[in-house]
Amino acid sequence: MPDSNAVQIVSLKGPFRLVGNIIWVLLGGLVMAIGWFIAGIFSFITIIGIPWGIAAFRIASFSLWPFGREMVDRKQGTAMKTMSLIGNIVWVVIGGWWIALGHLLAALVCAITIIGIPFAWQHVKLAGISFTPLGKEIVSVENNFG
């Protein structure tokens, strides 16, 4: 059973997954992955920002090539969940809302065409992740659902 908080891309198989990822890259995936990568670099410049940098690089990878993978909440204890919550609040204040805005603008552009509507929906989901990057992990759809 999939996690209800999971961000999942429709499970495509074989060449369809490749085609979906290529179309995704062209419809804003590359630009948003670069945005996440830049956010990660800026986070690493400040030593205290390394946890956000690691999360940003993880989401950059997911944002670039999402089909066949999903982002789920990492299994953690209460103390780590509390730290992730505090870290996510700091992230939103500092820069998470900029990336969320970028995903929402990309979603609007994608939603103009019928073929872009599923990609627009994915950008909306990634905008949600932009507010809570800590405490997430990427898993393969095959490993999670068999």
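What follows draws every value from the coordinates through simple rules; no lab data is involved. For clarity, every value in this text was computed on a predicted model and none was experimentally measured. All Cβ positions, even for glycine, are placed from backbone atoms using ideal geometry, and neighbour counts span all protein chains on display.
Gyration tensor analysis over the Cα atoms of segment 46-126 returns equivalent ellipsoid semi-axes of 27, 15, 11 Å (largest first, whole Å). In the chain, the calculated helix contribution to ellipticity at 222 nm averages -19000 deg cm²/dmol per residue, counting -39,500 (n - 2.57) for every DSSP H run with n ≥ 4.
The radius of gyration of the Cα set in segment 7-141, together with its Dmax, comes out at 14.7, 45 angstrom. Taking Cα centre as origin and charging only the Cβ of basic (Lys, Arg, +1) and acidic (Asp, Glu, -1) residues, the dipole magnitude of the chain rounds to 80 debye.
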